[in-house]
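Throughout, read-outs are computed from the coordinates displayed, never taken from laboratory work. If you're wondering where the values come from, they're calculated on a predicted model, not measured in any experiment. We place every Cβ from the backbone using ideal geometry, glycine too, and count neighbours over all the protein chains shown.
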Amino acid sequence: MLQALTLRAFGGAAIPKTVATEQENTAVAEERALVQRAQSGDTSAYDELVRKHQERIYSTLYHMTANHEDANDLAQEAFIKAYAALKSFKGDSSFFTWVYRIAVNRTINFLKQRKHRAAMSLNDLDFNAENHPDLVALVSDRTPRREAGLSELQEKLNEALQTLSEPHRLVVTLHDVQGLPHDEIAKIMDCNVGTVRSRLFYARQQLQAQLSDYIKGNR
Amino acid sequence: MTPTPEHEEFPELKKLLALKRHEAPPPGYFQNFSSKVIARIEAQSAPAARPWWARWLAEFDLRPAVASAYALVVGGFLVVGLGVALDRPSEVAVELQMPPVAQPLLAAQAPAPSPAAQPQLTLQPVPLPDNGSSAVGAVLNPDTAPSGFFRNDGFIGAPGVQDKSPAGLNFRRSFSE
């Protein structure tokens, strides 16, 4: 992930692998130091860890629940629970993966208990996305139903996502929305990479079928 | 037929899903997020700073099982204490109220205390209800008492055997068995 960000920052030009690795090692070491300080009771260190990961965790939970309030509550609970269990964090995985797993498990349990959720927060696409070339192309040129507007497409996509089971929705969120690699998703979901791939394929198939009126696919 | 590589599958759908990253809460939403998390963490750890009695009461409020356990323990102590109080005295206490003529007999039977000898009769003061009288309570060891003092007919017999006191001797005895 860091390497991808670094590539974009340099305009896509290739950077030496050693530099990227060194940057990554530095980031890992800094995070490790923060975790150790937090484990010894330093809440300011934990505050910094929360700030680092809050948006990504929140974003994933939002896409799972389709509700900002629920996502907010669940994200806070995940960080609080992570702090309580911080002493058991051994460093086998990154802190981000570890917290992600806590957040995801909590959210899946929440969704299983939730019977019905009426309102979805739909009108959250910001200005940048509304004018994103991909979205403009999707809406105006390539959809069979050309009159489909942005909000309708967003609504249909959210509805389609909610029809998926929690594991399938999660894998699509983590991979296609958040951009996480398969192996990291496997660690978060506590399954193997093959399971991640098969769930991802099935989920995409289902979504494609439901959105066939709006988008074209090659399957 | 060669399978389509994964990165080429569902291209339109992937683009649409990737755009969901832009679905974001209002600006400034995360400004106070971390401080709220830290505040909740510190609030949860605050109970340790409360006085011991507040924590004790909170234990009762929040954990009925703990309160029940406390009640059982306290009740158990009460029962045991009452049982001990009711069973006392645990020794055989004999309160003698003897006419003057019988006293030399007892005095003669009680040997002079000797460091080497086992006492056959231990005389201990037995407090009486406050009526101005006093009595001597005796702890009797049937094994070492002089022959004839204990009679098989139950004069001062084994516990549980009905006592027959000779005329002139009034015994009051209590056992804890």
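Taking a threshold of 31 Å on the Cα-Cα distance, which of the pairs A:Lys87/A:Lys187; A:Lys87/A:Lys156; A:Lys81/B:Lys20 fall above it? Kindly include the intermediate steps, with their values, before the conclusion.
Details: A:Lys87/A:Lys187 20 Å; A:Lys87/A:Lys156 43 Å; A:Lys81/B:Lys20 27 Å.
Beyond 31 Å: A:Lys87/A:Lys156.
Using mean Cβ contacts within 10 Å as the protection proxy, how do A:199-208, B:70-79 order, highest first?
On the way: A:199-208: 20.3, B:70-79: 10.5.
Put in order of decreasing packing, that is A:199-208, B:70-79.
What are the radius of gyration and Dmax of the stretch A:42-86, computed over its Cα atoms and given in Å?
Final numbers for Rg and Dmax: 10.8, 34 Å.
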